[in-house]
1. Provide the net charge surrounding Lys38, with neighbours chosen by a C-beta distance below 12 Å and charges set as Lys +1, Arg +1, Asp -1, Glu -1.
2. Need one number: % antiparallel among DSSP beta bridges in the chain, to the nearest 5.
3. Specify the angular offset, from 0 to 90 degrees and rounded to the nearest 10, of the alpha carbon long axis of helix 153-166 from the longest principal axis of the alpha carbons in the chain.
4. If N is the number of residues in the chain, what value comes out of its Cα radius of gyration divided by 2.2 N^0.38 Å?
5. Scaled to the compact-protein estimate 2.2 N^0.38 Å, what is the alpha-carbon radius of gyration of region 4-160, rounded to two decimal places?
6. Which order, highest average first, do 42-53, 196-207, 133-144 follow once you tally other Cβ atoms within 10 Å for each residue and take the mean per peptide?
7. For helix 183-200, report the angle its Cα long axis makes with the longest principal axis of the Cα atoms of the chain; keep it between 0 and 90° and round to the nearest 10°.
8. For the pair Asp100/Lys87, report the inter-label distance in nm, with labels modelled 7 Å from Cα in the Cβ direction.
Amino acid sequence: MSLANLSSSNTITIERLSKSYAANKPGSSGGAVHYIIKDVDLVVRGGEFFVLLGPSGCGKSTLLNIIAGFVSKTGGDLRVGDVEVRKPGQDRAVVFQQADSSLFPWLTVRQNVEFGLKMKKTPKDERRRISDRFIRMVSLFGHENKFPRELSGGMKQRVQLARVLANDPAILLMDEPFGALDAMTRRTMQKELSQIWRETNKTVIFVTHDIQEAILLGERIGVMSSGPDSRIADIYDVPLPYPRDAASAEFLSLNRRIQSHFDSGLEGGGYP
Ligand SMILES: Nc1ncnc2c1ncn2[C@@H]1O[C@H](COP(=O)(O)OP(=O)(O)OP(=O)(O)O)[C@@H](O)[C@H]1O
């Protein structure tokens, strides 16, 4: 398959997507319906790095989990390429904020990274080659025989990332993956992720409530309105070359523009 075809088959198309729930008090009847997200329209191109930015509780994780197939939509359409999303699939992988719940505590770093490959019956030599590559990429070489309990939070997060990348999903869905890390580790991880994305041409949707992180990473930034009835209120292009310099005039100017978007109350709420 050519790269162009690969890209279009990884395009994520979202049309009037909604997630609602019945908000009846116990014992009452009637049809009060609350929307977490309502009528979200978005196209994320194959190979694009798209950031979803918004205040806490606006529905970023809900939208990401619908794209992952973990949460069902209640309205609208969602497709990857031409295929309607109804459940999780091998084309999509999720990186969560907390690595703890996703790593197997009884497996070493290497065994965790190779887990999905083993399930797919990838031959041992090939598994070793792939896990070596990604363990190096996330700077964990020398730690491959350690167990999760012997690792710091940042190291566990890097194992999670290496494991997801070893499975080679076309689409990476990342839910505040660096939110729990200290500032220095976070910066290193942002650089690594940006480089991996540029090397692998994956489609990435990255959730954050940090404007600087959004501008460091994204080609486009979709700003979500505060919930309920949340939607993508605005999309900013980030026409800056990678790797990005957070101290450059253009970076700071875009940061101010997005910040003022929230300060002016366009989202109907404070930020963050
Ligand atoms: N099953 C559910 N039933 C009712 N409300 C829900 C349900 N799931 C989520 N919510 C509500 O939907 C809103 C959006 O939650 P979500 O976790 O998607 O937000 P978020 O933007 O990712 O927040 P954060 O940045 O704090 O993680 C919240 O107000 C949450 O309480």
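1. Surrounding charge for Lys38 is +1.
2. 50
3. Result, in degrees: 80.
4. 1.04
5. Working: Rg = 19.5 Å, N = 157, 2.2 N^0.38 = 15.0 Å.
This ratio for region 4-160 stands at 1.30.
6. Highest-to-lowest ranking by the protection proxy: 42-53, 196-207, 133-144.
7. It works out to around 80 degrees.
8. Result: 3.1 nm between the two label points.
Values quoted throughout were computed directly from the atomic coordinates according to the rules given, and no laboratory measurement underlies them. Treat the numbers as computed from the prediction; the structure is a model and nothing was measured. Using ideal geometry, Cβ is built from the backbone for each residue, glycine included, and neighbour counts are taken over all protein chains shown.
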